[in-house]
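One structure below.
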């Protein structure tokens, strides 16, 4: 079968399409024939060698994707060949025609959901869910600011927060992103390229501030986030690309909290719980993954460039 392989850390050009042996499931495992593969910023960090988790070389990138069960270990009884599924992790890497997975981290893909949408579920939606409900403990009636709301994690957070009864303000960097976030239910959408957008964000709350802020770029925004928190407000740091400077008094006077998260820290039990809720959201239509680009698997290097560009819009997926 064909798979993307990385033999040395570096730029997007190190992603090479190669032939590798077919996969065989062991105890508690399944092989999924991939129909769509999710691309995430974390994939680029790992590929470049700068991420704290460094995979052993050579490796196949990716943890997200959707497809059909190709084969299952003899002790796997809840899936059979041909079942539509999405992945919440991969043992062999998902940038391939097939992926070897632990059966407990594979979830049914409802018939009303495309494979591309299924490939958008794991990292974006599980991250947004964990940030909102496990870390921030967000509750109905609170107000949340979602930075980068038109991206994969951001649009997931908008949908999840609206379904839970929160008031949602999103920031975007393009007209296309503004329409997407408005269509997904945000009560107000702001341009994060505008110099005064933090002042506009505070005004959108009547000056009270935000109960929850989801921060995708802490090195740029964290210091200013603290100035627009409500009393006992929480900032959850989801993304960061450098050092951040803050005035601690801004958070002291509000009894506020700076929280942080990585999806890698979620326990197996947490992941099963999160994805059980996400599958229900797919089934009832409250969750609707937005696909921005579909790119051939052979062009994975192009996808790695695109996922890091400004003006995020939905999810980038690879098609084998």
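The values are calculated or read from the model by the stated rules, or taken from the named source; none is laboratory data. All of these numbers come straight from a predicted model, not from anything done at the bench. FYI the Cβ positions are ideal-geometry reconstructions off the backbone, even for glycines, and counts take in every protein chain you see.
Quick rundown of the values:
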read-out: Strands (runs of 3 or more DSSP E) contained in the range 195-270 and holding at least 1 residues on the phi > 0 side of the Ramachandran plot; value: 229-237
read-out: Odd one out for residue 303 among (1) crowded, with 16+ Cβ neighbours inside 10 Å; (2) closer than 22 Å to residue 181 by Cα; (3) in contact with a strand residue (DSSP E or B) (Cβ under 9 Å, 6 or more places away or on another chain); value: (2)
read-out: Test: residue 122 is touching a strand residue (DSSP E or B) at 6+ places or on another chain (Cβ under 7 Å) and in a helix (DSSP H, G or I); value: yes
read-out: Test: residue in the range 45-56 that is in contact (Cβ under 8 Å) with a residue 40 or more places away in the chain, buried (at least 19 other Cβ atoms within 10 Å of the Cβ) and not in a strand (DSSP E or B); value: yes
read-out: Checking residue 113 against (1) more than 20 Å from residue 9 (Cα to Cα); (2) modelled with pLDDT of 95 or more; (3) surrounded by fewer than 21 Cβ atoms within 10 Å (Cβ to Cβ), the condition it does not meet; value: (3)
read-out: Single condition residue 311 does not satisfy, out of (1) over 15 Å from residue 120 (Cα atoms); (2) assigned to a loop (DSSP other than H, G, I, E, B); (3) out of contact with any strand residue (DSSP E or B) (no Cβ under 9 Å at 6 or more places or on another chain); (4) in contact (Cβ under 8 Å) with a residue 60 or more places away in the chain; value: (3)
read-out: Some residue of the range 186-205 being modelled with pLDDT of 95 or more and closer than 17 Å to residue 128 by Cα; value: yes
read-out: Unique match (being assigned by TED's automatic domain parsing to the domain that holds residue 137, crowded, with 23+ Cβ neighbours inside 10 Å and over 16 Å from residue 161 (Cβ atoms)) among 237, 220, 212; value: 237
read-out: Failed item, numbered, when residue 99 is tested on (1) within 21 Å of residue 284 (Cα to Cα); (2) not in a loop (DSSP other than H, G, I, E, B); value: (1)
read-out: Restricting the range 145-166 to residues that are under 16 Å from residue 178 (Cβ atoms) and in a loop (DSSP other than H, G, I, E, B), the residue that is farthest from the chain's Cα centre (by Cα); value: 147
read-out: Matching entry among 59, 51 (being touching a helix residue (DSSP H, G or I) at 6+ places or on another chain (Cβ under 9 Å), closer than 23 Å to residue 315 by Cβ and either at pLDDT 95 or above or not assigned by TED's automatic domain parsing to the domain that holds residue 100 (or both)); value: 59
read-out: Filter result for residue 278 (in a loop (DSSP other than H, G, I, E, B), within 15 Å of the chain's Cα centre (by Cα) and either without any contact (Cβ under 8 Å) to a residue 60 or more places away in the chain or surrounded by 15 or more Cβ atoms within 10 Å (Cβ to Cβ) (or both)); value: no
